Amino acid sequence: MKQGIHPESYRFVVFKDMSNGDSFLSKSTANTKETILWEDGKEYPLIKLEISNTSHPFYTGKNMLVDTAGRIDKFKKRYAKKD
C-alpha cells in the first residue's frame with residue numbers, strides 16, 4: 001500500500017439494513033449524526049443502508065423486490081403506450 005493516502009480515522013460504526021432491519025458492527029470512516037445502542041451496551045454511530053448482503057437477491061438466492069422510490073411505476077408511466 002502507498003503510504004500517506006489512506007485515512008487513519010477508522011472507528012466502529014453500526015450499519016443497519018433498512019429493508020429487513022439486520023445490523024452489523026464494522027469499522028468505517030463515513031460520517032453520520034445518528035447513533036444507536038449496540039448489543040454490548042455501547043453507543044455507536046449509525047449508518048442506514050437501503051440494501052445489504054442480508055437482503056440482496058444475489059446473496060440470499062431469493063428474488064426480493066425493493067422499490068423504495070416507486071421506480072417501476074415511474075418507468076411504466078414514462079414508457080406506457082399512448083392511446
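Output the residues belonging to segment 4-25 that are hydroxyl-bearing (Ser, Thr, Tyr) and either in contact (Cβ under 8 Å) with a residue 40 or more places away in the chain or surrounded by 11 or more Cβ atoms within 10 Å (Cβ to Cβ) (or both).
Going residue by residue through segment 4-25, those that are hydroxyl-bearing (Ser, Thr, Tyr) are 9-10, 19, 23.
Across segment 4-25, the qualifying residues are 10, 19, 23.
Name the strands (runs of 3 or more DSSP E) wholly within segment 1-80 that hold at least 3 residues that are over 19 Å from the mean Cα position of the chain (by Cα), among the aliphatic types (A, V, I, L, M) and at pLDDT 85 or above?
Working: elements: 11-17, 23-28, 35-37, 43-49.
Fully inside segment 1-80 and qualifying: nothing.
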Problem - Count of segment 27-45 residues which are surrounded by 11 or more Cβ atoms within 10 Å (Cβ to Cβ), of a type outside the set (A, V, I, L, M, F, W, C) and within 22 Å of residue 55 (Cα to Cα) - result: 2
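The values are calculated or read from the model by the stated rules, or taken from the named source; none is laboratory data. Computed from a predicted structure; not experimentally measured. Cβ: placed from backbone, ideal geometry, glycine included. Neighbour counts: every protein chain shown.
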